[in-house]
1. Any chance you could count how many residues in the stretch 194-212 are open to solvent by 60 Å² or more (accessible area, probe 1.4 Å), over 30 Å from Gly119 (Cβ atoms) and in contact (Cβ under 8 Å) with a residue 12 or more places away in the chain?
2. Looking at Gly118, is it open to solvent by 50 Å² or more (accessible area, probe 1.4 Å), touching a residue at least 40 places away in the same chain (Cβ under 8 Å) and not β-branched (Val, Ile, Thr)?
3. Determine, yes or no, whether Val3 is under 22 Å from Leu122 (Cα atoms), open to solvent by 50 Å² or more (accessible area, probe 1.4 Å) and in contact (Cβ under 8 Å) with a residue 24 or more places away in the chain.
4. Answer yes or no as to whether Ala82 is at pLDDT below 80 and open to solvent by less than 40 Å² (accessible area, probe 1.4 Å).
5. Could you say which residue among Val91, Val54 is in contact with a Cys (Cβ under 8 Å, 6 or more places away or on another chain) and among the β-branched types (Val, Ile, Thr)?
6. Looking at the stretch 125-144, which of its residues are open to solvent by 10 Å² or more (accessible area, probe 1.4 Å) and either closer than 12 Å to Gly9 by Cβ or not in a helix (DSSP H, G or I) (or both)?
7. I'd like to check something: does the stretch 167-181 contain any residue that is over 16 Å from the mean Cα position of the chain (by Cα), in a helix (DSSP H, G or I) and modelled with pLDDT of 95 or more?
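The values are calculated or read from the model by the stated rules, or taken from the named source; none is laboratory data. In this text, all values refer to a predicted model and were calculated from it rather than measured experimentally. Backbone-built Cβ (ideal geometry, glycine too); neighbour counts: all protein chains shown. When the accessible area is computed, the model is the full protein with side chains, heavy atoms only, and any ligands, DNA or RNA have been set aside. Shrake-Rupley method; radii C 1.70, N 1.55, O 1.52, S 1.80 Å.
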Amino acid sequence: MGVIGGRLGYQLLRRLGGSPPRRDLCSGAAYRDRSKLEVLLGPGIWRECADKVVLDFGCGTGDDAARQKAREAGVAGRCVFATQAPEPVDVVVSLDGFEHYADPGGALASMRRLLGPGGRVLVAFGPPWFHPLGGHAFSIFPWSHLIFTERALIRWRSDFNGDGATRFSEVDGGLNGMTVRRFSRLVAESGYAVEQFEAVPIRKLSFLAAGPTRELFTAIIRCRLSAA
């Protein structure tokens, strides 16, 4: 995907985006002094998780759920940090993971195996691929990740990041090009009972987020699934 590549694309990206970039599009500033869980899943999340065994799936290095934060919140004695679930859980939460997982269908299957009877999976992630900033750090302006070729974007990134990535899927965290349509299909094929599936529109452009333009103006995808 992308139509502007080669030396022209590379030079335009250096001029427009800077090298290194002039701003951090993935800083997480939108959640500063706010609960990411509550922002993405709504205030009812606390009631839904009360007195439940909850697993945070795909938290990476644990920046949003680290031991020090648990101590600061006074819940260290109620949290377990592990790479495997020691027991079946009531709720699996995945925040901002499905646009990064190398095998998103496999991730859904793994979550299902972790659930106990009556368990649920709560998913929220975004922006999806066709959102104006769906390319994350590659979206130096709206839809730039769709305008420039992958090769040009990776070449631009290599000027200031030496991890050796040659594709979107190889950058830190990975990007799998997840769209609303693709995730909807994965959920339909997963065998879960779908209690809720919502493509949340960009707030100021909600009137455009319908029909064929839904992919372009969906900000967040969130869903509630249970084992059928």
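1. Counting residues in the stretch 194-212 that are open to solvent by 60 Å² or more (accessible area, probe 1.4 Å), over 30 Å from Gly119 (Cβ atoms) and in contact (Cβ under 8 Å) with a residue 12 or more places away in the chain gives 1.
2. Spelling it out, Gly118 is indeed open to solvent by 50 Å² or more (accessible area, probe 1.4 Å), touching a residue at least 40 places away in the same chain (Cβ under 8 Å) and not β-branched (Val, Ile, Thr).
3. no
4. Spelling it out, it is not the case that Ala82 is at pLDDT below 80 and open to solvent by less than 40 Å² (accessible area, probe 1.4 Å).
5. Answer to the selection: Val91.
6. Gly126, Pro127, Trp129, Phe130, His131, Pro132, Leu133, Ile140, Phe141, Pro142, Trp143
7. No, every residue in the stretch 167-181 fails to be over 16 Å from the mean Cα position of the chain (by Cα), in a helix (DSSP H, G or I) and modelled with pLDDT of 95 or more.
Residue-by-condition table, conditions (1) β-branched (Val, Ile, Thr); (2) part of a loop (DSSP other than H, G, I, E, B):
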position: Gly164; (1), (2): no, yes
position: Phe207; (1), (2): no, no
position: Ile220; (1), (2): yes, no
position: Ser226; (1), (2): no, no
